[in-house]
Amino acid sequence: MAGEPLEGIIIVDLTQAAAGPFATMLLSDLGAEVIKVEPLHGDQARKWVPFMNGMSSYFLSMNRNKYSVAVDLKKEEGKEILRKLIAVSDVLVENFRPGVMEKLGFDYKEVSKLNESIVYCSISGYGQYGPWRDLPAYDLTILATSGHMSVTGEEGRPPVKFSVAIADLTTAMFATIAIIAALYRRLRTGKGEYIDISMLDANLQTLTYQAAYYFATKENPRKLGSAHPSISPYQAFEVSDGYIVVGVATDRMWQDFCKIINREDLD
């Protein structure tokens with residue numbers, strides 16, 4: 001039986017919190033060997049409650065299948081450890097604020113001198129260039145600036161976020177796809193490359209039909225709760241013993257639905 005798809009790929013993971021760690025975790029699930037390089041005080045997510053046997057459950061949910069080492073990148077000893085890891089690795093992923101890796105001496109230009117075939121992925125809130133590049137970003141702020149919170153929830157009610165850090169997770173998936181694509185191209189060219197992943201870009205992309213609705217009608221999409229702007233019935237309904245969800249997406253499904261509820265007169 002063949003091994004895992006990314007077996008033999010070594011990844012240096014300099015990320016913290018959610019978007020970066022989730023991306024490298026997906027790569028580790030596909031067989032890559034991920035070496036998580038943390039500051040001496042650890043990934044910030046290690047302090048996020050609740051805890052399981054002294055470990056943050058949040059941190060554990062984003063960091064399975066990884067090795068971990070604590071390194072002080074402000075000291076030469078720590079820098080040398082990272083240089084040695086980079087020299088034998090295929091991928092480097094970081095989510096520092098733009099400019100931090102350059103100050104540390106590990107921007108793509110310098111890293112590619114150590115390993116010209118490395119795939120280098122930077123994940124940030126608003127990209128490495130542009131007027132917003134230095135702004136800090138978390139899942140909540142990206143959901144707001146991308147427009148997702150304007151269409152999530154119910155009409156007349158306050159903005160709400162998703163129950164999970166969906167802006168982070170979406171960004172992680174785009175980063176994972178880009179890294180795998182770069183590794184595939186490297187098979188043909190033998191060269192690495194630089195990937196710039198913006199959380200804002202990723203979540204603007206996932207607006208999909210909500211953005212298309214605006215361009216088609218020149219009207220802002222409305223909050224519809226669990227309902228859908230173009231398919232009906234497609235939402236949660238309260239019934240005598242709780243809630244049910246009904247998703248009727250085609251005329252044939254509507255006919256079947258009417259039979260199930262004994263209302264064929266509605267067909």
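The values are calculated or read from the model by the stated rules, or taken from the named source; none is laboratory data. If you're wondering where the values come from, they're calculated on a predicted model, not measured in any experiment. Backbone-built Cβ (ideal geometry, glycine too); neighbour counts: all protein chains shown.
Quick notes on this structure:
- From the list Leu40, Leu26, the one residue that fits, being surrounded by 14 or more Cβ atoms within 10 Å (Cβ to Cβ) and either modelled with pLDDT of 95 or more or out of contact with any Ser or Thr (no Cβ under 9 Å at 6 or more places or on another chain) (or both), is Leu26.
- Only a single criterion out of (1) touching a residue at least 60 places away in the same chain (Cβ under 8 Å); (2) β-branched (Val, Ile, Thr); (3) out of contact with any Pro (no Cβ under 8 Å at 6 or more places or on another chain) is not satisfied by Thr15, namely (3).
- Single condition Pro221 does not satisfy, out of (1) assigned by TED's automatic domain parsing to the domain that holds Ser112; (2) surrounded by 13 or more Cβ atoms within 10 Å (Cβ to Cβ): (1)
- Test: residue in segment 165-174 that is touching a strand residue (DSSP E or B) at 6+ places or on another chain (Cβ under 7 Å), surrounded by fewer than 18 Cβ atoms within 10 Å (Cβ to Cβ), within 30 Å of Glu116 (Cβ to Cβ) and not aliphatic (A, V, I, L, M): no
- Count of residues meeting criterion [buried (at least 19 other Cβ atoms within 10 Å of the Cβ) and assigned to a strand (DSSP E or B)] in segment 115-155: 6
Yes or no, residue by residue, for (1) closer than 30 Å to Leu187 by Cβ; (2) without any contact (Cβ under 8 Å) to a residue 24 or more places away in the chain:
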| position | (1), (2) |
| --- | --- |
| Pro39 | no, no |
| Arg46 | no, yes |
| Gly54 | no, yes |
| Ser61 | no, yes |
| Lys74 | no, no |
| Glu80 | no, yes |
| Ala87 | yes, no |
| Phe96 | yes, no |
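- For segment 45-69, a tally of residues being surrounded by 14 or more Cβ atoms within 10 Å (Cβ to Cβ) and not hydroxyl-bearing (Ser, Thr, Tyr) returns 10.
- All conditions but one from (1) crowded, with 21+ Cβ neighbours inside 10 Å; (2) at pLDDT below 95 apply to Leu92; the one that does not is (2).
- Selection within segment 1-57 - among the charged types (D, E, K, R) and closer than 23 Å to Ala137 by Cβ: Asp13, Lys36, Glu38, Asp43, Arg46, Lys47
- Pick from segment 158-195, criterion β-branched (Val, Ile, Thr) and touching a Ser or Thr at 6+ places or on another chain (Cβ under 6 Å), ranking: modelled with the lowest pLDDT: Val160
- Filtered residues of segment 158-167 (kept if small (Gly, Ala, Ser) and in a helix (DSSP H, G or I)): Ala167
- Here segment 70-94 is the region considered, the condition is being under 25 Å from the mean Cα position of the chain (by Cα) and part of a helix (DSSP H, G or I), and the residue that is farthest from Phe106 (Cα to Cα) is Leu85.
- Within segment 233-246, if we keep just the residues that are surrounded by 13 or more Cβ atoms within 10 Å (Cβ to Cβ) and not aliphatic (A, V, I, L, M), the residue that is nearest to Arg157 (Cα to Cα) turns out to be Gln235.
- Scan of segment 96-114 for residues that are part of a loop (DSSP other than H, G, I, E, B) and of a type in the set (Phe, Trp, Tyr), ordered by number: Phe96, Phe106
- Looking only at segment 118-171, and only at residues there that are among the hydrophobic types (A, V, I, L, M, F, W, C) and more than 21 Å from Gln210 (Cβ to Cβ), the one that is nearest to the chain's Cα centre (by Cα): Ile123
- Residues of segment 1-60 that are in a loop (DSSP other than H, G, I, E, B) and under 20 Å from Asp72 (Cβ atoms): Leu14, Thr15, Gln16, Ala17, Pro39, Leu40, His41, Gly42, Asp43.
- So Asn203, is it in the same structural domain as Asn95 (by TED's automatic domain parsing) and touching a residue at least 24 places away in the same chain (Cβ under 8 Å): yes
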